[in-house]
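Laboratory data are not the source of any read-out in this text; all were calculated from the coordinates shown. Since the structure is predicted, the reported quantities are computational estimates derived from the model, not experimental observations. Note that each Cβ is placed from the backbone with ideal geometry, even for glycine, and that neighbours are counted across all protein chains shown.
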Amino acid sequence: MNYFANLFIISSPSGAGKSTLLNKLFSANLHPMKFSISHTTRDMRPGEIDGVHYHFVTKEKFREMIDGKCFFEWAQVFDNYYGTSRVNIEEYLKNGTDVFLDIDWQGARQIRKQFPAVRTIFILPPSLDVLRNRLVKRGQDSDQVINSRMDKAKNEIIHYDEYDYTIINDDLETAFEQLKNIVLAERQKTANQMVKNAELLKNLTK
Ligand code: ADP
Ligand code: 5GP
């Protein structure tokens with residue numbers, strides 16, 4: 001099935017700035033676009049809302065959803081499960097809405113296999129020291145959790161070369177412009193325009 005909307009995956013080590021960049025993107029009037037809300041078994045952080053940031057579920061419920069083939073992809077990240085449910089993604093794409101997934105490299109690999117047209121973007125911090133400082137300043141995790149996220153950051157960063165695009169999130173505005181440019185350029189791909197403007201292109205070329 002050809003869509004003129006795009007499915008985007010944004011990955012990064014935790015704390016590199018994915019959520020911040022995605023929030024800016026969704027505030028920038030580039031609609032139609034939709035953020036896919038994942039399911040997770042991890043605890044809610046201060047300020048998070050069930051059904052907005054994630055669907056927070058128990059491990060039992062998550063296992064039931066795996067058995068029921070509810071997930072497009074799922075993975076164990078840190079000590080918890082995270083998954084993207086199938087619901088709605090194709091429906092949004094069919095209706096011309098770009099869909100954004102904030103998922104890790106394991107999920108990206110699974111989706112690439114099922115949906116080769118996916119566009120993938122990896123966000124890197126300018127250094128590991130900056131990454132740690134951002135996790136500390138975010139103020140949502142204990143020292144123990146921050147240490148564990150830093151231990152795992154390298155294992156995530158090494159997968160950057162599996163992605164179509166790489167953004168180094170040093171200056172936030174620069175990184176945001178780069179993300180916005182990628183999204184806008186992908187919309188203008190000839191293959192997308194052939195679907196979006198099929199009638200117009202037929203008339204122009206007959
Ligand atoms: P992620 O979603 O990748 O885990 P966040 O978006 O939560 O990361 O960002 C982690 C912290 O770093 C947040 O407190 C955020 O405000 C801050 N941050 C993100 N990008 C930048 C940047 N370019 N410069 C300074 N601080 C940033
Ligand atoms: P956090 O606990 O910081 O919200 O997310 C931890 C990691 O899990 C991040 O790398 C994030 O991209 C990833 N993640 C969030 N949702 C999903 C999902 O549905 N699937 C997969 N594979 N990873 C996810």
With R₀ set to 30 angstrom, the calculated FRET efficiency between the beta-carbons of residue 173 and residue 128, to the nearest 0.05, is 0.85
Simple spin-label estimate for residue 117/residue 42, 7 Å along Cα→Cβ, in nm, reads 3.2
Relative contact order as a percentage, the chain, C-alpha pairs under 8 Å and 6+ apart, gives 33
Excluding residues fewer than 8 positions from residue 59 in its own chain, the lysines with Cα under 24 Å of it are 69, 152
Summing -39500 (n - 2.57) over every DSSP H run of at least 4 residues in the chain and dividing by its residue count gives a helix-only mean residue ellipticity at 222 nm, to the nearest 500 deg cm²/dmol, of -13000 deg cm²/dmol
One finds, for residue 143 and residue 80 with R0 = 25 angstrom and r their Cβ-Cβ distance, a FRET efficiency to the nearest 0.05 of 0.85
If one builds a Gaussian network model of the chain from Cα atoms under 10 Å apart, the most fluctuating residue listed among 77, 99, 145 is 145
Summed over the other residues with a beta carbon less than 11 angstrom from that of residue 28, with K and R at +1 and D and E at -1, the charge totals +1
Cα extents of the chain along the principal axes, largest first, in whole Å, come to 65, 43, 29
Taking r as the C-beta separation of residue 26 and residue 59 and R0 as 22 Å, the FRET efficiency to the nearest 0.05 is 0.15
Computed about the Cα centre, the charge dipole of the chain from +1 Lys/Arg and -1 Asp/Glu charges at the Cβ has a magnitude in debye, to the nearest 20, of 560
GNM on the chain, Cα springs under 10 Å; top mean-square fluctuation among 177, 48, 90 goes to 48
In the structure shown, of 24/180; 113/154; 34/180, the pairs separated by more than 18 angstrom at the C-alpha atoms are 113/154
Taking region 95-197, the equivalent ellipsoid from its C-alpha gyration tensor has semi-axes in Å, biggest first, of 30, 16, 12
With the 8 Å Cα cutoff and a minimum separation of six or more residues, region 68-107 has a relative contact order in percent of 36
Within the set 89, 158, 182, GNM on the chain using Cα springs under 10 Å gives the largest fluctuation to 158
Scoring region 18-77 by relative contact order with C-alpha pairs under 8 Å, at least six apart, yields a percentage of 25
Given Cβ charges of +1 for Lys and Arg and -1 for Asp and Glu, the option among 16, 205, 191 whose Cα lies farthest towards the positive end of the dipole of the chain is 205
